[in-house]
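I have placed the structure first, in the form of structure tokens, so that the comments after it can refer back to it.
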Amino acid sequence: MLHILYVLEANIGGTRRHLRDLTEGVVAAGNRVTVVLSFGRDPLARDEDLPFYSQLGVRVIELPMRRAISPFADSVACLRLRSLIRREKPDLVHAHSSKAGALARLACLGMRIPVVYTPHVFPFLMQGASSFYRRFERWAAGHTAGVVCVTRQEAEAARQLGYSAERIAYIPNGIHLPSMEDAEGTRLLRAAFFGRECPQKGTDWLRTTGIECDFHTDYRPDEAIGLMRRYSLVLMPSRWEGCPYTLLEAWAAGTPVVATPIGGLAEMIRDHENGVLLPMDAELWRRAIPRLLADRNHLHQLAENARASLPSYSVDTMCKQTLALYRRCG
């Protein structure tokens, strides 16, 4: 049995869901887990997450961590994290996203505790990111036992940072594979957006295109597939992505996706086979969406191919591959 200590600052969206699913699988495999979380970005998540982890027998330690770089606040968070790691004595620390990844690797300097890092998109791959992030990640690579890359783009970036092949694990996100029996049915001949209202997801751009679209920006993860089954298309005009849960949920719902050709979207979608890829050009999107909605046969084929792609992205596979990396790093 391993004692794993997870650290996450960005307890929102896909990273929050990833950690919950991973923790559940790792505990089910007979391991002990402690979770260090910051609820600063979404205080309401505390009311859902604390009972969830408690039911699993997982101890949650709250540690305030700021998203933006703050020398004083980050130093305090790093010292507090170092202290609790010494107290908890985990076999391995696994940090998720850039701020927790930085703090955990700094906190463990000089300790004989391996640190695994999942960037969920390296910060320097994000649009408009400072070159500082690349320089820090190049240094931090020498203090990281293993890096989990959710896309092949990330795996190549890790290689360029100096990670050896045996320390790089390509492990895409996974979902609990649903029954496909209810995927068909009466659908609105409309497109919809699902996700957070933020520049990364391209909601600002999509709202300016004039495309008829329903926006779902506030819903529970367990509602997503059911909501998506009401529509004929899901739109994902993202500016950067890792391995997005929205795409996997749309596939599970049998709803074709139109997306920008970036990050994991470009890797997972085969254009006009299991989805459609379009650059962020408003005129292209305005012409393409009505044509797709009018072509029921093409929509059906896209949905069928998308469903066939889904078994490669299961929670069970994600957890097993992550545990295999822990054993290599431990």
### Query
Using the Karplus equation 6.51 cos²θ - 1.76 cosθ + 1.60 (θ = phi - 60°), what ³J(HN,Hα) coupling, rounded to whole Hz, does each residue of segment 228-236 give in order, writing x for Gly and Pro?
5, 5, 7, 10, 9, 9, 10, 9, 10
## Note on the structure
Between GLU166 and HIS143, the FRET efficiency computed from the C-beta separation at R0 = 22 Å comes out, to the nearest 0.05, as 0.85
#### Entry: Degrees separating the helix 131-140 axis from the principal Cα axis of the chain, which is the longest one
50
### Task
For the chain, find the longest principal axis of its Cα atoms and tell me its angle to the long axis of helix 45-55, 0 to 90°, nearest 10.
70
### Query
All other residues with a Cβ under 13 Å from the Cβ of ARG20 taken together, and with Lys, Arg as +1 and Asp, Glu as -1, what is their net charge?
-2
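When the helix-only estimate is applied to the chain (DSSP H runs of n ≥ 4, each -39,500 (n - 2.57), divided by the residue count), what is the mean residue ellipticity at 222 nm, nearest 500 deg cm²/dmol?
Mean residue ellipticity at 222 nm (helix-derived): -13000 deg cm²/dmol.
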### Query
What order do you get for 151-158, 65-72 when each peptide is scored by the mean count of other beta carbon atoms within 10 Å, highest first?
151-158, 65-72
### Task
Any chance you could give the angle, 0 to 90 degrees and rounded to 10, that helix 296-309 forms with the longest Cα principal axis of the chain?
20
### Query
In segment 188-312, if every C-alpha pair distance is counted and binned at 5 Å from zero, what percent goes to each bin?
2, 12, 25, 27, 23, 10, 1, 0
### Query
What nm value, rounded to one decimal, do you get for the distance between LEU50 and ASP91 when each label is placed 7 Å out toward the C-beta?
3.0
### Task
List every residue whose amide H lies under 5 Å from the amide H of ILE175, counting only residues 5 or more places away in sequence or on a different chain, with H placed 1.01 Å from N in the peptide plane.
SER314, VAL315
### Summary
Answer check: segment 33-128, Cα atoms, Kirkwood Rh, Rg/Rh ratio of 0.96
### Fraction in percent of alpha-carbon pairs per bin - 5 Å, segment 261-320
4, 16, 21, 22, 19, 10, 5, 4, 1
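So how much slack lies between GLU304 and ASP214, counting 0.36 nm per residue of separation and subtracting their Cα-Cα distance, in nm? Mind dumping the intermediate values first?
Working: separation 90, 0.36 × 90 = 32.40 nm, distance 2.35 nm.
The GLU304-ASP214 span can extend by a further 30.1 nm.
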### Modelled label reach - LEU189, point 7 Å along Cα→Cβ, segment 281-305 residues with backbone N closer than 15 Å
289-300
### Query
Based on the Cβ-Cβ distance from GLU197 to ARG112, what FRET efficiency comes out when R0 is 41 Å, to the nearest 0.05?
0.40
### Query
What order do you get for SER232, SER75, SER131 when you list them from fewest to most C-beta neighbours inside 10 Å?
SER131, SER75, SER232
### Message
Can you tally the net charge around LEU161? Count Lys and Arg as +1, Asp and Glu as -1, for every other residue whose Cβ sits under 14 Å from the Cβ of LEU161.
### Response
+3
### Query
Any idea what diffusion coefficient the chain gets from Stokes-Einstein, in µm²/s, Kirkwood Rh on alpha carbon pairs, 20 °C, 1.002 mPa s?
104
### Task
Would you please give the residues with an amide H less than 5 Å from that of ALA192, counting only those at least 5 places away or on a separate chain, with H modeled from the backbone geometry?
ASP214, LEU233, VAL234, LEU235
### Task
Please work out the FRET efficiency for the pair ARG327 and HIS272, using the Cβ-Cβ distance as r and a Förster radius of 51 Å; give the result to the nearest 0.05.
0.80
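Values quoted throughout were computed directly from the atomic coordinates according to the rules given, and no laboratory measurement underlies them. As the structure is a computational prediction, the values presented were derived from the model and not from experiment. Positions of Cβ are generated from backbone atoms using ideal geometry, with glycine treated the same way; all protein chains shown enter the neighbour counts.
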